[in-house]
Each structure stands twice: as structure tokens, then as C-alpha cells.
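Remarks on the structure that follows.
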């Protein structure tokens, strides 16, 4: 009797969790025709690998530009961190991104 009750309770909680997750995913949909998850699902393994490689190359190129402009990401506990990064972004002509 006790295990049957536990099983029913677990089933109920799982259905509630699934329903909550489904409603959250619909609530976050911005109405775009192809979201990132949909695009990722339709991409082949080779396309995903190429996209990751391209994104990594772009990120590394941007980091190289910032380092050439005077930013040093390796300094731990840098008291001038935000200002140094913003100065390097202005000097390199790179957008401020999420820092503003």
C-alpha cells in the first residue's frame, strides 16, 4: 500500500513538473520563426561542429584584438577590471557587449 501511494505521488509530481516545464518554454517563446533550440535540432553534427569552430574563432579573434589594445584577462583580482576592458573595447573598436 505504501509503495503504491509513493508511486502515485511520484507520477503526479512528474506530470506536474513536465507541465510546468512545458508552460515555461511556451512563456519564453518570443514569437521568432526559428529559435536557437529549433535550429540546433535541425543541424547535422558536422554543421554544429562547424558553427562551434566558427564561434570559437570569432571569440578568439575578438580577445586577440582586446589584448592588442591593452587588455590583460590573466590578471587576477584586477582593481581596474571594468575600466581596462572598456578602454580596450573603445581602442579596438569592439562593441561593449553585456558590460553596459
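The values are calculated or read from the model by the stated rules, or taken from the named source; none is laboratory data. All values reported here derive from a predicted model rather than from experimental measurement. Here Cβ is always computed from backbone atoms with ideal geometry, including for glycine, and neighbour counts include all displayed protein chains.
Scanning segment 69-82 for residues that are closer than 17 Å to residue 95 by Cβ and under 25 Å from the mean Cα position of the chain (by Cα), we see that the one that is surrounded by the most Cβ atoms within 10 Å (Cβ to Cβ) is 71.
Screening 20, 42 for residues that are farther than 30 Å from residue 91 by Cα and modelled with pLDDT of 65 or more leaves exactly one candidate, 42. Out of curiosity, is residue 88 out of contact with any helix residue (DSSP H, G or I) (no Cβ under 7 Å at 6 or more places or on another chain) and modelled with pLDDT of 90 or more? In short, no. For segment 47-74, the set of residues classified as touching a helix residue (DSSP H, G or I) at 6+ places or on another chain (Cβ under 8 Å), free of Cβ contacts under 8 Å to residues at least 12 places away in the same chain and not in a helix (DSSP H, G or I) consists of 73 only.
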